[in-house]
Every structure is written in structure tokens, then in C-alpha cells.
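Undergrad: The structure follows.
Only the coordinates and a few stated rules stand behind these numbers; no lab work does. Fair warning: this is a prediction, and the values are worked out from it, not measured in the lab. Using ideal geometry, Cβ is built from the backbone for each residue, glycine included, and neighbour counts are taken over all protein chains shown.
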Amino acid sequence: MHALVLSGDHWHPTEVVRGGLGPLTTKGFTFDWIVDAREFTTAKLAAYSTVVLSKSNNTSESIDDPWMTGQVEAAFVDYVRDGNGLLVLHSGSAGYRETPALRALLGGVFESHPKQCPVTVEPKPGHPLTAGAAAFTAVDEHYLMKLDDRDADVFMTTRSEHGEQPGGWTRGEGRGRVCMLTPGHNLDVWLEPSYQALLENALRWCARP
């Protein structure tokens, strides 16, 4: 399976995402990367059946200007509606509160997070996207989310001293699929065996509308 990854923003270096997705190359996954949104064109989407968004609304790690224009929003919506998959990881949910078309596509967005703390990730037992994944606790940014789509299928929660949040959900858009996973500020979270299982399951689900 071949996917395009958009990553790298002011607070989230691409090296973490590369390190977290790297082990999946042994499972038959290959990835192309865009780390500077100035290199992105909507035409590039057509070459992939799955896109991974792990980039907040910053052009790059050193350029904070937003990259999510109305045209790009529309392209992502069309891309998914046409039968493709979008996997949103951690910072891919951040900075998009004022991008209405993309926000609706994602089904919800990041609002804030407290200081890093122990966060327990709790996959819902028996759900297809949680196969091979058990609950685990790691120090992370506990993303406080605004879940807009009441019909989204929440298959995972995250819990800390700051309460419980939806940590993973799926939704359909046209003939395509969207999956959200909110953990992952630190590389050791990505490398947790249970989170690796969640990533693999989510990628395969997104690729098979």
C-alpha cells in the first residue's frame, strides 16, 4: 500500500512521524512525503488512494503561515468523496477550526491540550480497527477534541487527569473514508505495539472504502 504523508509543523517535526510510520514498511506500506506545503498541489492527490495528514495548519516546521486554503479544502473533500481514504494523525487535527469544509470532512478538530501528562489510550474491544491493540499509558499531549459529527464511530478514547476524550473515530464521506487518531506527540507513543496495530488497521481501513 502506497500513501502520501503530509507532515511537519511548528510544534511537530517530521522526524517523529517518519519514526512512527517507519516500522510499517515491514508490513508492505510505502510512503511519499511532503513536509513543506508549498510543494503540495491538489493534482498530486490523484496519484494516491490514501493520504495521511499529520500536519497542523502551518506551511512547514519553520514557516507558520497557514496552508489550508479554500481550494485545498475543496480538493480534500472531493478526494474522499471520490472513494479515497484520509487518515488524520495527532497534529493533523490542529489549526483547522476555521476551515469549515475540512473540519466537516474530519468530523471534528483539536481545541487545546494541557501540559504533557500520562495519557491512557483505550481502544474499544471487539472493534475491527482495534484488533491487536490493548490499552496502554504513555506521557503525551492529551488532545481535547471538538467532535462535531454525532454519527462518527468512536472506537477509542483517551483519558488523563484532565478527563476523557474521543481519541479515535471514523466516518464516511461520499464513497470514501476518514479516520482520526489523536495520540502521538512523542515518538514512544507511536512505537507502542498497540499504537502500531492501530496505525496499521487504520491505514488498511482507509485504503479499502
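Undergrad: In the set E141, E173, which member is in contact (Cβ under 8 Å) with a residue 24 or more places away in the chain, of a type outside the set (S, T, Y) and within 22 Å of T14 (Cα to Cα)?
TA: The conditions single out E141.
Undergrad: Can you name the number of the only condition in (1) closer than 19 Å to L4 by Cβ; (2) of a type in the set (A, V, I, L, M); (3) surrounded by 23 or more Cβ atoms within 10 Å (Cβ to Cβ) that A75 fails?
TA: So A75 meets the others, but not (3).
Undergrad: Every residue in the stretch 92-102 that is in contact with a helix residue (DSSP H, G or I) (Cβ under 9 Å, 6 or more places away or on another chain) and closer than 16 Å to W169 by Cα, please.
TA: Listed by number, the residues that qualify are G92, S93, L102.
Undergrad: Could you list all residues from the stretch 139-180 that are among the hydrophobic types (A, V, I, L, M, F, W, C), closer than 21 Å to P193 by Cβ and surrounded by fewer than 20 Cβ atoms within 10 Å (Cβ to Cβ)?
TA: Across the stretch 139-180, the qualifying residue is only V139.
Undergrad: Is the stretch 56-71 home to any residue that is exposed (fewer than 15 other Cβ atoms within 10 Å of the Cβ) and either part of a helix (DSSP H, G or I) or within 15 Å of the chain's Cα centre (by Cα) (or both)?
TA: Yes, the stretch 56-71 has at least one match.
Undergrad: Let me ask something else. Give, as residue ranges, the strands (runs of 3 or more DSSP E) completely inside the stretch 83-183 that count at least 3 residues that are in contact with a Leu (Cβ under 9 Å, 6 or more places away or on another chain).
TA: 85-89, 108-112, 153-160, 163-173, 176-181
Undergrad: What are the pairs with Cβ atoms under 6 angstrom where one residue, in the stretch 148-168, is at negative phi and the other, located anywhere, is part of a strand (DSSP E or B) and of a type in the set (D, E, K, R)? Sequence gap at least six, or different chains.
TA: Qualifying pairs under 6 Å: D149/R171; A152/R171; T157/E122; T157/E164.
Undergrad: Only residues that are surrounded by 15 or more Cβ atoms within 10 Å (Cβ to Cβ) and in contact with a strand residue (DSSP E or B) (Cβ under 9 Å, 6 or more places away or on another chain): list them for the stretch 19-43, please.
TA: Answer for the stretch 19-43, where residues must be surrounded by 15 or more Cβ atoms within 10 Å (Cβ to Cβ) and in contact with a strand residue (DSSP E or B) (Cβ under 9 Å, 6 or more places away or on another chain): G20, L21, L24, F29, F31, W33, I34, V35, A37, F40.
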